[in-house]
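Worksheet: the structure to be examined is printed underneath.
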Amino acid sequence: SRLGVFCVRQSLAGAAVHPTRFASELSVRLQPLLDCIRRDLAAAIPTRSKVQMLTERTAELEWLFNVTSNLKGSVDHRKIIEELLVAATLHLQSALGVLFIPDKHLTMKHERTQGASTSLLDAWSKTQQHLTTWVQLHNRALVLNGVGLHGNNLPRCKVLCVPVVRESGRVIGLLAFYNPPESPDYVSRHIFLARYVGRQAASIVEAQFDLM
């Protein structure tokens with residue numbers, strides 16, 4: 001996980017002729033230093049915080065194991081996916097959950113309170129392409145705890161988006177959760193669980209679900 005940002009400032013007089021190549025070479029030269037800083041920062045995290053984090057993550061994985069175990073008895077593969085999305089949306093205390101797998105022409109949505117998330121559905125329709133591009137390019141989670149705060153045409157909301165990834169590493173879609181702006185922020189615990197839910201969804205879709 002990202003711990004911070006390391007910046008290097010250079011005067012205009014000493015600017016490189018080929019900035020991109022210079023930045024790449026500088027990054028390689030600084031890598032040992034960055035690795036050292038990263039290790040020191042990670043070691044500085046209090047043991048109590050590490051234990052709490054591990055405890056929380058263990059609890060989340062136990063929840064996911066229980067949910068998927070209960071779903072294994074169903075022969076309706078669409079229902080398995082739907083119930084996994086419902087369970088994840090509720091557990092993450094989100095108002096709206098969306099599973100989007102373009103290759104399978106599969107889009108599933110769950111509203112925690114029917115009809116109460118009209119603005120969030122609008123936010124999904126307006127961010128769908130951006131989120132799809134993001135996960136395809138970066139293959140990592142995206143958390144936006146302030147969407148719509150800067151005068152754009154998006155409804156105000158909070159978004160957590162994770163890629164749905166096959167075992168081969170190929171991104172096949174995304175899992176996104178939306179909340180109203182007054183809701184608590186999405187944090188690392190939510191990202192951790194959402195990524196695992198995304199992996200579970202990928203395995204079910206690839207092994208059992210075919211709409212083509």
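The values are calculated or read from the model by the stated rules, or taken from the named source; none is laboratory data. It should be emphasised that the depicted structure is a prediction, and the values quoted were computed from it without experimental measurement. Every residue, glycine among them, receives a Cβ derived from its backbone with ideal geometry; neighbour counts consider all protein chains shown. Just the protein is used for accessible areas: all its heavy atoms, side chains included, with ligands, DNA and RNA removed. Shrake-Rupley method; radii C 1.70, N 1.55, O 1.52, S 1.80 Å.
All conditions but one from (1) in contact with a Pro (Cβ under 8 Å, 6 or more places away or on another chain); (2) open to solvent by 80 Å² or more (accessible area, probe 1.4 Å) apply to Leu120; the one that does not is (2). What residue, among those in region 96-106 that are more than 11 Å from Ala176 (Cα to Cα) and of a type outside the set (D, E, K, R), is most open to solvent (accessible area, probe 1.4 Å)? Among residues in region 96-106 that are more than 11 Å from Ala176 (Cα to Cα) and of a type outside the set (D, E, K, R), the one most open to solvent (accessible area, probe 1.4 Å) is His105. Every condition in (1) among the polar types (S, T, N, Q); (2) in a loop (DSSP other than H, G, I, E, B); (3) open to solvent by 20 Å² or more (accessible area, probe 1.4 Å); (4) closer than 15 Å to Ala194 by Cα is met by Thr58 except one, and the failing one is (2). Quick one: would you say Ile172 is at pLDDT 90 or above and assigned to a strand (DSSP E or B)? Yes, satisfied. Here Val135 passes the criteria (1) more than 24 Å from Leu61 (Cβ to Cβ); (2) surrounded by 20 or more Cβ atoms within 10 Å (Cβ to Cβ) except the one numbered (1). For the residues Val147, Val143, the requirement of being in contact with a His (Cβ under 9 Å, 6 or more places away or on another chain), closer than 20 Å to Phe100 by Cβ and of a type in the set (Val, Ile, Thr) singles out Val143.
Confirm whether Tyr186 is touching a helix residue (DSSP H, G or I) at 6+ places or on another chain (Cβ under 9 Å), at pLDDT 95 or above and in a loop (DSSP other than H, G, I, E, B).
yes
The set of residues from region 85-109 being more than 14 Å from the chain's Cα centre (by Cα), under 23 Å from Asn66 (Cβ atoms) and not in a helix (DSSP H, G or I) comprises Gln93, Met108.
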